[in-house]
Structures are given as C-alpha cells and as structure tokens.
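Data block below; observations after.
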Amino acid sequence: MTAITDVAGRPTRPRAAGEGSGRKRRSGAEGVRSGPVLLVAWIAYAILPWYWLDLSGSAHPLAGYPVGPGGSALALGVTGRAWWLLPLLVPLAIATAGWRSADPQRRNGLLVLGGALGLLATLKQGFLIGLKGWSFAWLAALMGGPGPTQVGFGLGAGVLLYAFLLLVCQGLAGRGWCRGDAFVVGAVGTVVALILLFVFFPVSTILASAFQDNAGHLALGEFAAKITDQSVWGLDCVTGQLRCGVAWNTVFLGLIVGVATTALGLAFALIATRTRFRFKGALRLLSILPIITPPFVIGLALILMFGRSGAVTALLSEWFGVPRSRWIYGLPGIFIAQVLAFTPIAYMVLVGVVQGISPSLEEASQTLRASRWTTFRTLTLPLIRPGLANAFLLGFVESLADFGNPLVLGGNYEVLSTKIFFAVVGAATDQGRAAVLSIVLLGFTLLAFWAQQMWVGKKVYVTVAGKGDAGLPAPLPRRVAWACYATAVPWALFTAVIYILILVGGFVRSLGRDYTLTLDHYVAGFRIEQGLGGWVFSGGAWDSFFATVEVAAMAAPLTAAIGLLTGYLLTRQRFAGLRAFEFSTLLSFAIPGTVIGVSYILAFNVPPFELTGTALILVICFVFRNMPVGVRSAVATLSQIDKSLDEASLTLGARSWTTIRLVVAPLLRPAIMASLVYSFVRAMTAVSAVIFLVSAQYNMATTYIVGRVEAGEFGIAIAYSSVLIVVMLVAIVGIEALVGKRKLGRRETAASPAVAVGG
Amino acid sequence: MPKAPASVEFRSVSKRYGLVTAVDDVTFTIEPGTLVTLLGPSGCGKTTTLRLIAGLEMASEGQILIGGADVTRLSAADRDVSMVFQSYALFPHMSVIENVAYGPTVQGVPKARAREMAAEKIAVVGLSGLENRSPSELSGGQQQRVAVARALVLEPQVLLFDEPLSNLDAKLRRRVREDIRALQQQLNLTVAYVTHDQEEALAVSDRIIVMSNARIAQAGTPRDLYEQPADLFVADFIGDANILDGVLEEERGERGLIRLGPVALDLARRGARSGPVKLAVRPDAMAITAQPNGRASVEGVVEHSSYLGRSLEYRISSPLGELFVVDNGRAAVHPPGARIHVGFSEGGIVVLPG
Ligand SMILES: Nc1ncnc2c1ncn2[C@@H]1O[C@H](COP(=O)(O)OP(=O)(O)OP(=O)(O)O)[C@@H](O)[C@H]1O
Ligand SMILES: [Mg+2]
C-alpha cells in the first residue's frame, strides 16, 4: 500500500508538531460567539425605534427621531421621556462584561445572568406600564397617580428581547447544555419562547380575564356564578320542554358525531383494505376533501338542499306535498354536516390501523381453523380497538371545535363555540362570559386530548411489522362486508351529491327556485374590468381573496420552518424537559380555534404586545395553529432516517446548522413540501380563529363567505367556496405529483397525511 | 512535518441517563498512536464511552482530555475526532466523493481542494474509480471503506470505530480488520475501537479495555488479558475458561502448590493465600486420552461432542465438575458415554486473584 505512506508523508494540512488542538482551534470559550448578538442588542437598544409605529397615521413615523414616537430606548430614556427604559442598561452591561471575560465559567455565567435579567426587566416594564398608565390598580395605588404611559413593543424592543434570549441560550450552551451546541440551545429557546408567547400567554390571559369583571377587578364570585350558570349546565331538556345548557348540548353533539364518524370511517376503511371494491380511487379523494373544504361549506350545501327553499325541499313539497320546514336548522343539520365533514378524518386514522394489522396474524388464526367471522371478531376487532378509540376522540374534538357549521346551521341549538363568538361580537359583548365559556370548551378538548395521548396514542400502531410481511389480508366476513357497503355507499353518494351541488350551485341563479344558468355570481365576486389604468379587480371577493393568499403565503413557510425545526429538536436532541416540550407543541393542536381567537384578542389588543388589526396577528395565529402538522410530518420522516447520519456530520466538524442544511433538510424535502402545502391550504380554509382577528383591511376569504351566508347571498358564497376548493385542489394535486413519490436512496421517506383538529 | 497523534484520557468519567448509569467512574488513557479496543458484553457501555470521546454525549461527571487539552464541555464539531459508525451513516443523497469531501467542505476548504483530499483518501482505501457512485450502489464492504475514508479525510487526532465489521461476512471481516490495523499503523493514528468479538479484539489491538456493567473490568495487552485475567469475568469473557475450585496448599514465594481434585499443580500464585482458590482452565489446556496419562489427569465420561472441522469440542463430566474441552489434535473421536481421562498441562491454567 504505497499510497498510504505517500499520503502520510505529505499531510494535507499543515499541523505544527505538538500543537494540541489540530484542525479545530476553537477552545470552549470561543466555540460560542456572542459578540454579534451583543452588538445587535446594543443597536436595538440605542438605535432602533423602540415602540410600535403607527404607519397608517398621517404624521411621519420617524418625526423627531431619536426621540418622538420612533425614538430609540436609549434616547427616550436619557431624555426622561421614558425613564423606565434606562435600567435596561444594567443587564446589557452585565452581558457585555461577560463577553469580555476570559474565564469561560465566569463568562457563561454572566451571559446567562445578563440575558435573563434583561428579559425580565424588559417584559416587566412592558407589562407594568400600559396605554393608560399603570396597568394594575394596586400599582397605581402604590405609586400614586395614573402613571406614565407607553404603547406596545416595536422593532427595537422585539429585537432586544430576542437578543437577550439568545444570550441566555449561548451561556447555557457554554455550560454544556445540549452537548454544548449553541444552535440547538438557541433553537429550543426560540421555539419555547414563541410557544409561551403565542400559546400559553393568550390562554392564561383568558384564564385571568375569566376571574375578572369587565372593569378588570378580581371577581371570584362572578366567576363562580358564570361557570355554574344554568345556561351552561342546565339539564332541563331531560325533564321538561326547556333547553339544556350549552355545555351539555356541545358534549352530546360531540358524542353522537364521534360515534357516527367512527362507524362510517371504519366502514370505509374496511372497504378500502379488505374488499375487492372497484372504486377505491374514489376513496383516495376522501383523504383530500376535508383538507381543502372550508368547514362551513358542507353546512352551506345542506341549507341549499334542505333549507326552507332548498332544492330537495322544493321537490318534496311539489311532488309529495311535504310542507316546507326549518328542520335542518338545529341539531339534525349540525349533526349531518359534521358527520359529513369529519368522517374522512376517522377514515384516515382507521385505514392506517387496519393496514397495520399484519396479515400473518389473521392467517395464523385461520390455520387454527377459526372461521372468517371468528377471526374478525376475536382478532381483527380487538386489534383495531385503540384505533377506534382514537378516531372517536378525534371526531369528538373536531365536533367541539367546529365553529362554521353551527354558525350557519345552528338555529336555536347553541353550542359553546358559537356562544363564545356571540359573547364577543354580539350585541351584548361580555368578554368575561366569553372567557368562562372558553374555559369550559378548553377543558373538554384538553380532557379528550389527554385521554387520547395517555390511553390510545401509543397503542395505535402495535402490529406494524418491521419485516416485509408476505400474506394476504383476510377478506371480510360476508355480513360485515354488507354492513359496510350499506353504511358507506349511501353516505359516499350523499357526499358526492353535496360536492356536485357546491360546484354547480354557483352557476345557477338560485338553487331550489330558479335553475337558469348564469355567471352572475362569479361576475359579482370575481369581475375583472379594463379600467383606465389597466386591469381592475372590481369583483367583491378579490380583496379578501388576495388578502387570504397573501397571509397564507406568509404563514406557510414560517409554519413549515418552525414545525420542522421543532420536529428535528424532538427527534434528534435530548434535553431536560423534552417531554414537556413535546406536549406543549402538541397543545396548540387541542385548543379550539374559537378559544384561540378570543384569547388572541384578549392578549394582543393591548401593550406590550399589541398586534390586533394587523396582518401579522393572522399570520401568527395560523403559524401556531398549524405548526403541529409540520412537527408531525418532520417527526414521522426523521424517525425513519438513521440518527447516525447527523452524528457523522457533527464529528466531521459541521455544526448543527450546517448539518441541518446539508444533511437533514435534503432528506426532509418531502416533509417540507407537505407541511408547506398543508399549512398554506389550512390557512386558506380556517375560519374559527380568524373570524375574531380579521380587520377591514385584512378580511379573509372564509369570513367573507360567512358574511355572504349571513346576508342570505348564497349564490356568491357557494361560487366563492367552489373557487377556493378548486384552487386548493390544484395546489395539492400539483405538489403531490411533484414530490409525492420521491424516494431518497434506499430509505423510505413517507410524509404522513395530516389530520388536523379544529376549523 | 511529523504528524502528531493525540492521547485520549478519561478521568473518573460517568454518564447517566436518568436512573441508568451507562458509564460509571471510568478512568483510562489511550496512548498516542495506539489502537485500543473497548470490549465487553452487550449493554456494558462501550458505545457510550466512544460517544463520550466523540462529544456526541456529554459526561455527567469527570474530565475528558484529548491531546492533553480538556475537551469535556466541547461539542462534537469542536473536537478533532472522527468516527466510523456501525451503520456507516453514509449520506444517501451524496455520491462517494461528496461523502468523503463533506468534512473539508464544511470546514471551509475550497471545493476543488476538498475533492482532491477526498480522492486521496478514496485511493488509500482502494476505491478509486467508484467516486461517483451513490452509497446505495456499493457493497457492504465498499460502504464500510467509504466510511473509513470519510473519517480519515480530516486526519483527525483520534479515530473511533463502533463495531465497524458487524455488517460484514466472516471472511471479509478478517480482511477488513487487517486493513484497518495496517492503516492505523502506517498513518500512525490513535484509534479507539469498539467490538464485542473477543477474537477481533485480540487480533487488532495494542491494548484492550474490557468493560462490564459500565465499569472497566481490566485493561492491558491482549496477552496480559488472556494469560493474567484479573477476575472471573475477564477469564471467562476472553477465550472461554472452565472455572474450577482448587485449594492452595503451600505458598512457594511467587508460586504455589495447588490441588485440583486428584491433581497437583505448580502455578503462579498471583497474590492468592493458602486456602480455597478459583482456577481458570482454558479449554485447550486439557488433553483427552483413552488411558491415564501421567500424574495430572482425572477420569471422566464424555457427555457430548461436536465436530467443528478444525477441532473437536467435548462436554465431559468429571469429579471436578463439568469440563468444556477443545481438542485440536486429530486424535480419535470419543463418542458420548466413553470413559476417558483428561490430562492437565500447567500452561493454560491461571489462579484468579481475590
Ligand atoms: N439514550 C439512552 N437513554 C437511556 N439509556 C441508555 C441510552 N443509551 C444507552 N443507554 C443504556 O446505557 C447502557 C450502555 O449502553 P451502550 O450503548 O453503551 O452499550 P454497548 O456496550 O455499546 O452495547 P452493544 O454491544 O449492545 O452495542 C445500556 O444499558 C443502555 O440501555
Ligand atoms: Mg454499542
């Protein structure tokens, strides 16, 4: 092997004899570079505008800089206009002293101390001093007078907060956290901070405001009265003619919807996997439909069929003399709409579970002379039982969280999500009441979510075999097969009719009354005219359409990035509190959109984080509601990719960020595309949370449609809905065709389909 | 310029995962330019020790030094250590040359130079001509060599191997382990090598560290371990042993007179005192004959015999207990039930201290 001596005699990189550290000459202290972060912190404090700038106002936002509304913290502090910003110099100085210190131990300690103090101090002054002076009554009493005032955090404050956070993370990394990896600690810190700010903070604001009266004083008695109110928990419907409490209504609806969707989902799943059914391709559609259908569209279609002047109602009354009635408004309507909307979710859960049963188990049973029916009863059913529980809980939670269908179909049947909405936007605005109802709803969903995690979450995929399992799945016993067809086929046809109706409904003048073909609805919504200065989008729907696409397009990459980063941290890193971290990332999944919406207006309507009325709050809302989808697909993909790939990269001197860029991200490409598409699409179809957050400037497509429905303009609503569905179908199918079947090397990388909760 | 391999030193290092202690108060030194094997049964903490050297795990306690410098809190990317993984961990989306050039590339070496360095190492491991294949188009042995080339390319101070041969067939294993040893000696590398195959360990190592239950059972040269096992565990783990009860009857300076049933032996005493002692008897230190053979033999009955081609293995019941004997001679095959005599030679018997 001459080559060896050759190479050995001619080292590729000069290395001084006896030099200890070889190729990587960084010592521990230099491994983490906090200089740039510190510099940014100083810039944020001394130069950037500290407060939120009102760009819509007439005055120039930077008038009077460096003081004035766009002034920096340092200038405002020194001139005494915001003297309370001066103490922030202390943590900055501590961190700077740490940076200059040569002793790594001391240095890291000072970085952590300075960063943590800075975070605390910045937040403290922000929460204590608000728009109208001291934010708390006791503080005003203590300090006397109304106190100084300030608006919400702006660029400077935001950047400084983040810089402080990074300094803490760098100090911790220097002390050996997360294998001394500053990027990882920083990423964990960032994700945790974002979840705290945009999930926990709003939710705790709701809790807090439930305990206050509308003037902001602690009112435990009022809380107790509200939460035990007869209108929430009353059981009159059992004994008499009166209505039951809204909590029972909601739970009852959730239970029957859960049972029905699970039964239907199971029927579809068995047909898809265990029969020679010829139209299985159609079942594939089932897994796409719920993702691209705005949640209330089904309800809308039901009105158009069965409402007082609906198509079917009209037929029945003309041919059979059945009187027109409003039966669809209320429990029956919501039930049918939700079952139609959520059956696909049960199907997607159950089809995975049924496929996961190793055929050899069933073959083993049959070689033991068990009949098909015995095998099904004693083996197949028990094996899918956890899957059934899972599907049921998902259906239950979806029903609880659904807002669109009860809104358009509810009639007199009140559920929590709509009641919350009307407590906020209705004539009698009562934020405390909304908060209390939100707590009840949140309690139910968290309970169901917790049950799902603890009880069935882990058992669902028990029999997925690692080795390729030859063998054929047992065909269904005949009576089971017939039962499946008998339930599934009518519903499938019904669903098909509904979607056909949605697609054609926009092209007739008025469903049920006047079937003249017309393009009026589309013209009203999507007219484009040639004006003086070129093309003008003069249709009424364009504004909301563009706003929706814009917000969704901003939210999608952020959602994917944060979701995937979190998934990477969950699968690839170990740190104290990992389980709690995982649970908290999934939590935003379990919080109903309505609750999120209410909590966002409560939390972000006032300084220091004053975001309502901007596009930013919509983007943030989408990011944190849809993030779990990205987390899931990243976790699913990454757990199939050998961890030693990352480690090999690390030992070759690549830092985590380089490793992510060069090794992890290329292997994650399918998951990245999947989360991009899903977050985009879900941002376009969401309604429950955004309906609280939209502003005149940023109206969303879904809220626009709901508005049309409420105004009775069904034609344009349905036309707009079908436009949305088609746009999203094209997006999904296009992307799937592009990346869906990609394989990387020998490893399978399957992005799991997303099942998302809430509307 | 002479290349300077570095030493690796553990000072009372422990690693805990929650309640599990994977490495417990371990102290050792790997001298520069030597190949040291970590050997032990499954779950004893070998991989964890290796990952502690690499910086893929952080020590819960203790100090780790590489080349005399404290690296305990340094991340993997900051240590001058490369690792060859059991699964090879080749990047599936990169070609062979991209895989090998990865290290220099992420270190900021210009691309052309990085590829040049990679090509050199690919030549060293004898894979020239396969540069543009993807890893999935290589055989297991070739993938293994790509992994070695990738680990070598930065000429690390320390090179780590975690069971690098476990995916290869028996023949290839022998060849590749010789290649690794040759490479280590010619490039003068410090290598830590994990295996649970004692034969592999004996064949390639300068020194072996035997681990058991997260601790070091014994460290030494292969010869030390085989001939002077520190305890019962090491005696049994390295090269099998019959553990028999004997009696030390008379201390004779460093040696002693030891009685094993009817047999009297003169052995190195290794610190044992008069009284009962444990003896480790290597399976090939006994000879089976049909007739009594001198004073050092006992009677026995063949319980079971297996024909292994190059040797014969017997399980024999005797007054000393059950004996496991490997007969390398081409003598007659004794069928089960045969009454035979087992002769002892002092060469393959050691007193176990303690
Ligand atoms: N991440 C972890 N969390 C908890 N325990 C772990 C972890 N990694 C290893 N262990 C435990 O530490 C012990 C040592 O593991 P290690 O992987 O070092 O064993 P090993 O000697 O390499 O075994 P093998 O020969 O089977 O590879 C084992 O008991 C193992 O269960
Ligand atoms: Mg191991």
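The values are calculated or read from the model by the stated rules, or taken from the named source; none is laboratory data. Computed from a predicted model, the values in this text were never measured in an experiment. Backbone-built Cβ (ideal geometry, glycine too); neighbour counts: all protein chains shown. Calculation scope for accessible area: heavy atoms of the full protein, side chains included, ligands and nucleic acids excluded. Shrake-Rupley method; radii C 1.70, N 1.55, O 1.52, S 1.80 Å.
Some notes on this structure:
- Here's the list of aspartates and glutamates a cross-link from B:Lys15 could span, going by alpha-carbon distance under 13 Å and ignoring same-chain residues fewer than 8 apart: B:Asp24, B:Asp25, B:Glu57, B:Glu61.
- Mean projected area (nm²) of the alpha-carbon convex hull when segment B:242-352 is viewed from all directions: 6.4
- Helix-only arithmetic for chain A: the sum of -39500 (n - 2.57) across DSSP H runs with n ≥ 4, divided by the residue total, places the mean residue ellipticity at 222 nm at -20000 deg cm²/dmol.
- Taking Cβ atoms as reference points and 14 Å as the exclusive limit, the residues near A:Val551 contribute a net charge of 0, counting Lys and Arg as +1 and Asp and Glu as -1.
- Under the Debye formula (equal points on every Cα, no solvent term), log10 I(q)/I(0) of segment B:8-234 at q = 0.08 Å⁻¹: -0.29
- Ligands, DNA and RNA are left out, and with a 1.4 angstrom probe the accessible area of the protein assembly as shown is 43 Å² per residue.
- Surface accessible to a 1.4 Å probe, B:Tyr226 within the full protein complex, Å²: 70
- With the helix formula -39500 (n - 2.57) applied to DSSP H stretches of n ≥ 4, chain B reaches a computed 222 nm mean residue ellipticity of -7000 deg cm²/dmol.
- At R0 = 51 Å, FRET efficiency that the Cβ-Cβ distance of A:Leu519 and A:Leu446 yields, to 0.05: 0.60
- In terms of distances greater than 32 angstrom between alpha carbons, the cross-link table entries A:Lys124/A:Lys643; A:Lys643/B:Lys171; B:Lys46/B:Lys121; B:Lys46/B:Lys171 yield A:Lys124/A:Lys643.
- Label-point gap, in nm, between B:Asn213 and A:Ala93 - each point 7 angstrom along Cα→Cβ: 5.7
- Solvent-accessible area buried by pairing B with A, both sides, nearest 100 square angstrom, 1.4 angstrom probe: 4500
- Separation of alpha-carbon centers, segment B:267-322 and segment A:474-519, rounded to whole Å: 84
- Neighbour-limited loop hits for trypsin sites (Lys or Arg not before Pro), segment B:298-354 (at most 12 other Cβ within 10 Å; DSSP other than H, G, I, E, B): B:Arg310, B:Arg330
- For chain A, carbon and sulfur atoms together expose 66% of the accessible surface, with a 1.4 angstrom probe and every protein chain in place.
- Complex-versus-alone comparison for segment B:69-106, residues with a loss of 50 Å² or more in accessible area, probe 1.4 Å: B:Arg73, B:Ala77, B:Asp78, B:Asp80, B:Phe85, B:Phe91, B:Pro92, B:His93, B:Tyr102, B:Val106
- What a 1.4 Å probe finds exposed on segment B:242-352 is 50% carbon and sulfur by accessible area, rounded to a whole percent.
- Semi-axis lengths (Å, descending) of the ellipsoid that matches the C-alpha gyration tensor of segment A:520-739: 37, 21, 15
- Kirkwood estimate for the protein assembly as shown, i.e. one over the average of 1/r between Cα atoms, Å: 34.9
- Fluctuation leader among B:Lys46, B:Lys278, B:Lys171 - chain B, Gaussian network, Cα springs under 10 angstrom: B:Lys171
- Taking N as its residue count, the alpha carbon Rg of segment A:260-363 over 2.2 N^0.38 Å: 1.37
- FRET efficiency, A:Phe546 to A:Glu582 (Cβ-Cβ, R0 35 Å, nearest 0.05): 0.40
- Residue (of B:Leu202, B:Phe85, B:Ala54) at the positive-pole extreme of segment B:8-234, dipole from beta-carbon charges: B:Phe85
- Taking the charge dipole of the protein assembly as shown about its Cα centre, with +1 at Lys and Arg Cβ atoms and -1 at Asp and Glu Cβ atoms, the residue from A:Val351, A:Gly186, A:Leu74 reaching farthest to the positive side is A:Val351.
- Relative to its Kirkwood radius, the Cα radius of gyration of segment A:334-416 gives an Rg/Rh of 1.20.
- Nearest-0.05 FRET efficiency for B:Val20 and B:Ser139, computed from C-beta distance (R0 30 Å): 0.25
- Other residues whose C-beta falls under 12 angstrom from the C-beta of B:Ile216 contribute a net charge of 0, scoring Lys and Arg +1 and Asp and Glu -1.
- When the GluC sites (Glu not before Pro) in segment B:254-314 are filtered for DSSP coil states and for at most 13 other beta-carbon atoms within 10 Å of their beta-carbon, the remaining sites are B:Glu254.
- Of the residues A:Val112, A:Leu142, A:Thr702, the one whose Cα sits farthest towards the positive end of the charge dipole of chain A is A:Val112 (charges of +1 on Lys and Arg Cβ, -1 on Asp and Glu Cβ, taken about the Cα centre).
- Helices of chain A meeting both criteria, an alpha-carbon length of 27 angstrom or more along the long axis and an average Kyte-Doolittle score not below 0.0, with helices taken as full DSSP H segments, are A:104-128, A:155-174, A:246-274, A:331-356, A:381-401, A:431-451, A:478-505, A:542-572, A:615-638, A:714-739.
- Rough spin-label spacing in nm, given labels placed 7 Å along Cα→Cβ, for A:Leu207 and A:Arg661: 4.1
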